[in-house]
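Working notes, beginning with the structure itself.
The values are calculated or read from the model by the stated rules, or taken from the named source; none is laboratory data. Since we're looking at a predicted model, the values are computed, not measured. Cβ placement follows ideal geometry from the backbone for every residue including glycine, while neighbour counts extend to all protein chains displayed.
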Amino acid sequence: MEQTGEFRQHGRALLATCLGLSTGLSLNTYLLSIFAPYLLHAFGWTRAQWAMLGVIQFLVMVTLPIAGRLADRFGVRRVAMVGSLAFPGFLVAQAFLDGDIRHFFWLQVALVLCCSTTTTVVYARVIATTFRHRRGLAFGIMGVATPLTGALASPLLTALIDRTDWRTGFFAMAAAALCSALGMLALLPRDAPGAHAAASRFAPAASYRRMLAMPALWIIVGGTFLVNLPFSLASMQLKMVALDQGLTSAQAALMVSAFAIGSIVGRLVGGVACDLAPATRVATISFALPVAGLLMLASHPGNVVAVGAAILLMGIAFGGEGDVVPYLVTRYFPRSLFSSAAGLQSAGVGAAMASGNVFLGSILAHGGSYATYMLIAAASAGVGSLLFLLLERQPLAEAEAEAEPSPPADAAAAHSLS
């Protein structure tokens, strides 16, 4: 009863985080993949140019740790409000693109700078500071929001754009994003646990020195970097990868949905698995799935079933990461510094996505193919998945002694390093 009571008590705040994540910076990954073929066709941009836009991901190495620290310091609601209300404006701005890829580049830079406050490092703090017995499942439910939106948006937007034009598609998404942001702000109570988190009594420099001295941080960041290299193909290239495999435009749109559906499955299964089994083992198994998917993509071009299965496996791993890694952060770091530690981990994700896009762009620019990158990324994911087993030798955070009763909400928010 106590475990189900967590969802009754904190359901409103959980729903608010779902709305916040459903139309924020995380959704931009799906939108770029959906709009890529239309923008390349309209303006004559090349696939190599598009891939090189991935260097923008390097920005999140700075913006996500800052967003995480701000959430620890000022609370979720005030920090998330900034990016959630700005995101629809950036979508409207993209509807007025004039064909100069530099304008699109700088729009994406500004979007990352402003909207990093709409990511998991901010919203997951609500889950980390409220749920205990079903924390993994709560992470999973929260994380389903973005891929579910992506799964629905891909065929709907593709159909809308095919009937009208890509500019209309941006306007439609901007309207949906604004409604979602307003819903999030209305539902997230001002007194929700985690919404007004107390600042750590440690100065930022001292907090980061303490975290950087922990081997667990480097294991998580290093493993995260390696297992995320394959997802460069999913961030901005997924639909074009499917088209490159010989699929039709409609089939390629369904592949984006397949990736999103896989992410939903990965989120839910990964979250429940973390509540029932060691999260380190869950991470290793989940993050190894892209190896099989990438090898299938590289060796079965044109086979729609093989392409769909491969992308589904990649989606499951991508979704699982959204639960498993935050869950691991709650286990190895104090909750008062959850978003700060999650921000550093997410910097590893950004570094991987950016590095992967730069590497992929270089391969394509020199006449290479997606298959070459797939083989390299498969090897990276295999090594990275094994790194998480090293966490089993690291000490847990004191607050994660599961025999202890769940602390009061205000105490959980104020808990700090001892």
Filtering region 92-110 down to residues that are part of a helix (DSSP H, G or I) and more than 19 Å from the chain's Cα centre (by Cα) yields V92, A93, Q94, I101, R102, H103, F104, F105, W106, L107
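Give V241, V227, V282 a once-over and let me know the one that is closer than 27 Å to N303 by Cα, among the β-branched types (V, I, T) and at pLDDT 85 or above. Even if it seems obvious, please write down each step before you answer.
On the way: V241 fails: at pLDDT 85 or above; V282 fails: closer than 27 Å to N303 by Cα.
Result of the check over V241, V227, V282: V227.
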When (1) more than 13 Å from T224 (Cβ to Cβ); (2) touching a residue at least 12 places away in the same chain (Cβ under 8 Å) are applied to F287, the one that fails is (1)
Among the residues of region 307-320, the number that are surrounded by fewer than 24 Cβ atoms within 10 Å (Cβ to Cβ) and either of a type in the set (G, A, S) or touching a residue at least 60 places away in the same chain (Cβ under 8 Å) (or both) is 2
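Residues G246, G223: which one is among the small types (G, A, S) and surrounded by 22 or more Cβ atoms within 10 Å (Cβ to Cβ)? Reasoning before the result, please.
Working: G246 fails: surrounded by 22 or more Cβ atoms within 10 Å (Cβ to Cβ).
Just one listed residue meets the conditions, G223.
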In region 33-52, anything surrounded by 22 or more Cβ atoms within 10 Å (Cβ to Cβ), of a type outside the set (G, A, S) and modelled with pLDDT under 85 is listed as W50
Per the list (1) surrounded by 22 or more Cβ atoms within 10 Å (Cβ to Cβ); (2) in contact (Cβ under 8 Å) with a residue 60 or more places away in the chain, residue check on V55 breaks on (1)
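So that you can scan it fast, the table gives a plain yes or no per residue for (1) surrounded by fewer than 19 Cβ atoms within 10 Å (Cβ to Cβ); (2) free of Cβ contacts under 8 Å to residues at least 12 places away in the same chain; (3) hydrophobic (A, V, I, L, M, F, W, C):
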| site | (1), (2), (3) |
| --- | --- |
| L297 | no, no, yes |
| V305 | yes, yes, yes |
| G322 | no, no, no |
| Y327 | no, no, no |
| R331 | no, no, no |
| V349 | no, no, yes |
| L360 | no, no, yes |
Note on region 368-411: residues modelled with pLDDT of 75 or more and either assigned to a loop (DSSP other than H, G, I, E, B) or within 15 Å of T129 (Cα to Cα) (or both) are S369, Q394, P395, L396
The residue that is modelled with the lowest pLDDT, considering only those in region 153-188 that are among the polar types (S, T, N, Q) and farther than 23 Å from M81 by Cβ, is S154
Only one of F90, F131 is free of Cβ contacts under 8 Å to residues at least 40 places away in the same chain, closer than 30 Å to L14 by Cβ and crowded, with 21+ Cβ neighbours inside 10 Å, namely F90
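For V265, indicate whether it is buried (at least 24 other Cβ atoms within 10 Å of the Cβ), free of Cβ contacts under 8 Å to residues at least 60 places away in the same chain and over 23 Å from G361 (Cβ atoms). Step through it out loud before you land on a result.
Details: buried (at least 24 other Cβ atoms within 10 Å of the Cβ): no; free of Cβ contacts under 8 Å to residues at least 60 places away in the same chain: yes; over 23 Å from G361 (Cβ atoms): yes.
It is false that V265 is buried (at least 24 other Cβ atoms within 10 Å of the Cβ), free of Cβ contacts under 8 Å to residues at least 60 places away in the same chain and over 23 Å from G361 (Cβ atoms).
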